[in-house]
Amino acid sequence: MDKHGLNRRQFSARCAALGVSLPVSSAMLALEAAAQVPGTGEAPKPRVRTVKFPDGTSVPAIGQGSWHLGQGKRPRRIEEEAMRTGIALGMTVIDTSENYGHDGESELSVGRAIEGLRDRVFLVTKVEPEHTSGDGIARACRASLARLRTDYLDLYLLHAPVAASRLSGVVAKFESLRAAGKIRSWGVSNFTVDQMEALFRVPDGHRCATNQVLYNLKRAEMEQDLLPWCEQHNMPVMAYSPLGGANSSLVRDPKLAEIGSKFGHSAAAVALAWVIRSGKVIAIPESGSPAHVKENAAVLAI
Ligand SMILES: NC(=O)c1ccc[n+]([C@@H]2O[C@H](COP(=O)([O-])OP(=O)(O)OC[C@H]3O[C@@H](n4cnc5c(N)ncnc54)[C@H](OP(=O)(O)O)[C@@H]3O)[C@@H](O)[C@H]2O)c1
């Protein structure tokens, strides 16, 4: 399996060490069983749900958001333990942004949580549109790298659209960061189909790796146009607020809970499984709770 996931033995060992609950460990056992290739001597086939980027990089279909981390909802230690638990269980795509929390607190939390685990993580952060003029993107990237305690990003996103006339300048800045090894890929967030079309018209615009957008059971309008457009262009989508956002009712939805109970999973797990069902979407649920993170990680094996 690629470096952002776990092999079978590591996965089982981590599950045992982390004391995962019965539904989660059932999913992990199913994963383990499905990975056997009896009598063939072949390497086990990974069955964790993955999504491929246009450059061939595969990542697990469930990652972890971090918007509200480091803002006092829970002790910092617990939140960082939750993120490390998620990484240990295979949720290795970590999403943050320069503007989450005061003074980059989310990036600082992520930097602490992934210490010693950098080579296992697919790290994503974002630059704000107001930081895109002059050498703003390079400066913002340097500051994010310092807060994240790393020397490269796996994916750097433009957090929200800029005017079409400014797209070529932004793409050129992303491409020079890529050439310098500071970022491995770049993408956008909150772009409509028209804005994606405009992006693809500028030089190197087609190198965009993803569009991160709002997508969940209650907000599925992107299925009308953006999702098919991205599929046609061989581009995965990253779904933010996949549980409906903070204070979402999806995690308490009785119908989802009923469906989940038949399979030993939570309502949240059902909502996440729905979001990633096409194999073209990476969901990035956020949780500062180790118990919730374990529920969410089970979706990788459903
Ligand atoms: N690009 C953008 O413009 C954009 C916009 C919004 C968000 N994002 C990214 O997407 C990430 C996720 O989105 P989001 O934070 O808006 O919403 P979300 O992931 O849909 O929902 C987060 C909420 O769900 C709860 N939760 C998580 N797992 C749970 C479980 N198993 N059972 C019960 N509750 C659970 C969390 O509380 P607990 O902590 O108590 O578990 C938290 O309150 C953000 O952190 C951010 O990285 C990007």
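None of the figures in this text is laboratory data; all of them are computed from the coordinates on show. Keep in mind it's a predicted model, so treat the numbers as computed, not measured. We place every Cβ from the backbone using ideal geometry, glycine too, and count neighbours over all the protein chains shown.
Could you list, in sequence order, all residues of segment 172-192 that are exposed (fewer than 15 other Cβ atoms within 10 Å of the Cβ) and part of a helix (DSSP H, G or I)?
Hits for segment 172-192 are 172, 176, 179.
Tell me which residues, restricted to segment 219-255, are among the small types (Gly, Ala, Ser) and within 18 Å of residue 293 (Cβ to Cβ).
Correct list: 239, 241, 244, 245, 246, 248.
Can you tell me which residue is surrounded by the fewest Cβ atoms within 10 Å (Cβ to Cβ) among those in segment 61-82 that are within 11 Å of the ligand (Cβ to nearest atom) and assigned to a helix (DSSP H, G or I)?
78
Before we move on, is residue 160 within 20 Å of residue 189 (Cα to Cα), buried (at least 17 other Cβ atoms within 10 Å of the Cβ) and not acidic (Asp, Glu)?
No.
Going through segment 126-164 one residue at a time, which ones are away from the ligand (no atom under 16 Å from the Cβ), assigned to a helix (DSSP H, G or I) and closer than 25 Å to residue 237 by Cβ?
If the condition is that a residue be away from the ligand (no atom under 16 Å from the Cβ), assigned to a helix (DSSP H, G or I) and closer than 25 Å to residue 237 by Cβ, then 137, 141, 164 are the ones that fit.
In the list 104, 169, which residue meets the criterion of being on the phi > 0 side of the Ramachandran plot, in a helix (DSSP H, G or I) and touching a residue at least 24 places away in the same chain (Cβ under 8 Å)?
104
How do the strands (runs of 3 or more DSSP E) wholly within segment 193-296 filter down when requiring 3 or more residues that are within 10 Å of the ligand (Cβ to nearest atom) and in contact with a helix residue (DSSP H, G or I) (Cβ under 8 Å, 6 or more places away or on another chain): which remain?
In segment 193-296, the matching strands (runs of 3 or more DSSP E) lie at 211-214.
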